[in-house]
Amino acid sequence: MFKHLKAVPGDPLLALIVAHQQDPNPKKIDLGVGVYKDDLGRTPILESVKKAEALMVANEETKAYLGVYGAADFAPLIQNLLLGKDSDIIKQGRIQSTQTPGGTGALKVAADFISANLKGARLFVSDPTWGNHVSIFNSAGVEVIEYPYYDAVTNDVRFDDMMAFLEAEMKAGDVLLLHACCHNPTGVDLKIEHWHTLTDFVNARNVLPLVDAAYQGFGDGLDEDMAGLRYMAAHTPNMLIANSFSKNFGIYRDRCGGLSVIAETAEEAKNAFSIIGQAIRANYSMPPAHGATVVHTIMTNPELYAMWQNEVTEMRNRINGLRNQLVQKLAASGVSKDFSFIEKQRGMFSYSGLTLEQVRKLRSDYSIYIADTGRMSVAGVSDSNIDYLCESIAKVVG
Ligand code: PMP
């Protein structure tokens, strides 16, 4: 039955993690993996999460099924966090939200919904984007097209090229995927003026924006990071939002996220949402409870909520502080290349501008593990490895 099957190559990033684990060099550094790490290289459970879990264990009364959308009172929490609690869209009932198994689950449901109901719609994604965007939509039968985004020369967004491409290629009914903040993999975000221009474009072209919000709180702040998304949502009739709680609550393996649909009227939003419910039922039936109960417990308990906000601030400040230190120390190491752009990037990742050859040399000669694209996970840097990292980069770059 399976004799004709050939093994497919695994994810190169996972291979990088394994290679790092097996490397005996005590100075080895893992800058591949996409999870937050503290200065000791650990991915800790947040204090607010630990406390919420204790409350959960004490108070949980049943493990009975939840329903396709998860817990009913979870939706307002997603909406308040994404749009702000005073949002008119929420007041008008134009947004409906469901809990999903992580941001990936949200994207998968969105892909199935688009494939089955928006016939002929194509998905436009940034070049580059998170690799799973392409896999998820392709597997749902949606054609994926890349638009110009990252400029390797300026380490910025190629916004004029991006708009020219979208103007030339997008048709009414197509879907435009945008990263709300902390663009993965580049760390280069759209500026608010870009969101304004894109909002005019999606309205004029009748294109559906799908915003992926996987890193809320990791850029400039929980509200600040949603500025572009909120502007667009307030000025366009329709939007899909896939959000993840994996990073900002540090509950990666518990699989918790959300999918929201915004429509022109409350009735349209409800209709679309009922179809999204069908897509969920046919996918995984209903989301797991643990992560969502933790998020719910924290967000409805003022003391835990304040504690969580401080913990998000701490994670964000650590990453942004590391960006600053990297720039200073690389400059001090006498490296010929200008790395000051690293400080302007946001979120967990940085396109470092290192070439494939330089990345390979860092791996083979210095046991520093960076993805082939040059994407570095900034959280993998620490006080104890930053000097070695900067010296090694200086030696390799020259
Ligand atoms: N979108 C982007 C851009 C991501 O980087 C990730 C996680 N790497 C996700 C979505 C999915 O997150 P989750 O782990 O919650 O499925």
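Readers should treat all values here as calculations from the given coordinates under stated rules, not as data from a laboratory. Just so it is clear, the structure is predicted and the values come from calculations on it, not from any experiment. Neighbour counts are summed over all protein chains in view; Cβ atoms, including those assigned to glycine, are modelled from backbone coordinates with ideal geometry.
Could you give the angle, 0 to 90 degrees to the nearest 10, between helix 159-169's Cα long axis and the longest principal axis of the Cα atoms of the chain?
For helix 159-169, the angle is close to 50 degrees.
Filter 191/344; 50/85; 27/361; 247/270; 27/247; 108/171 down to the pairs with a C-alpha to C-alpha distance above 19 Å, please.
Where the Cα-Cα span goes over 19 Å, the pairs concerned are 50/85; 247/270; 27/247; 108/171.
Report, largest value first, the span of the C-alpha coordinates of region 106-199 along each principal axis, in whole Å.
Here the spans come out as 39, 25, 20 Å, largest first.
Can you give me the distance in nm between label points at residue 42 and residue 265, each placed 7 Å from the Cα along the Cα-to-Cβ direction?
Placing both labels 7 Å along Cα→Cβ, they lie 5.5 nm apart.
Over all directions, how big on average is the projection of the convex hull of the alpha-carbon atoms in region 65-300, in square nanometres?
For the Cα atoms of region 65-300, the hull's average projected area reads 11.7 nm².
Can you classify region 1-80 as rounded, prolate or oblate using the Cα gyration tensor, where a ≥ b ≥ c are the square roots of its eigenvalues, rounded means a/c under 1.5, and otherwise it's prolate if a/b beats b/c and oblate if not?
oblate
Kindly state, to the nearest 0.05, the FRET efficiency for residue 383 paired with residue 1, given R0 = 56 Å and r defined as their beta-carbon distance.
0.55
What is the fewest-to-most order of 147, 215, 305 by other Cβ atoms lying within 10 Å of their Cβ?
Ranking 147, 215, 305 by Cβ neighbours within 10 Å, fewest first, gives 305, 147, 215.
Report the Stokes-Einstein translational diffusion coefficient (µm² s⁻¹, integer) for region 176-307, Rh taken as the Kirkwood radius over Cα pairs, at 25 °C with viscosity 0.890 mPa s.
152
Relative contact order of the chain, please, whole-number percent, based on alpha carbon pairs below 8 angstrom and at least 6 residues apart.
Across the chain, relative contact order equals 26 percent.
Name the residues of region 341-359 whose amide N is less than 13 Å from a point 7 angstrom out from the Cα of residue 331 along the C-beta direction?
Backbone N within reach: 341-344.
Hey, rough spin-label estimate for residue 11 and residue 168, points 7 angstrom out along Cα→Cβ, what's it come to in nanometres?
3.4
Quickly work out the residue 71-to-residue 54 label distance, labels modelled 7 Å from Cα along the C-beta direction, and quote it in nm with one decimal.
1.8
Given the DSSP H assignment, sum -39500 (n - 2.57) over each helix run of at least 4 residues in the chain and divide by its residue total; what's the result at 222 nm in deg cm²/dmol, nearest 500?
When only DSSP H runs of four or more count, the value is -14000 deg cm²/dmol.
Please state, as a whole number in µm²/s, the translational diffusion coefficient that the Stokes-Einstein equation yields for region 214-372 at 4 °C and 1.567 mPa s, with Rh defined as the Kirkwood radius across alpha carbon pairs.
68
Order 290-297, 31-38, 50-57, 257-264 from most to least packed using the mean count of other Cβ atoms within 10 Å.
Descending mean neighbour count gives 257-264, 290-297, 31-38, 50-57.
Helix 192-205: angle to the longest alpha-carbon principal axis of the chain, degrees 0 to 90, nearest 10?
Around 40 degrees separate the two axes.
From zero up to wherever the largest Cα-Cα distance of the chain sits, split into 10 Å bins and tell me the percent of pairs in each.
All Cα pairs considered, the percentages come to 5, 22, 31, 26, 13, 3, 0.
Could you work out the relative contact order of region 65-300, using alpha carbon pairs under 8 angstrom and six or more residues apart, expressed as a whole percent?
30
For the modelled label position 7 Å from the Cα of residue 25 along Cα-to-Cβ, which residues of region 340-384 have backbone nitrogen atoms closer than 11 Å?
What the label zone holds, given the 11 Å backbone N cut-off, is 360-370.
Quick one: Kirkwood hydrodynamic radius for region 282-398, alpha-carbon pairs, angstrom, one decimal?
Kirkwood hydrodynamic radius for region 282-398: 16.5 Å.
Angle between the Cα long axis of helix 266-283 and the longest principal axis of the chain, 0 to 90 degrees, nearest 10?
60
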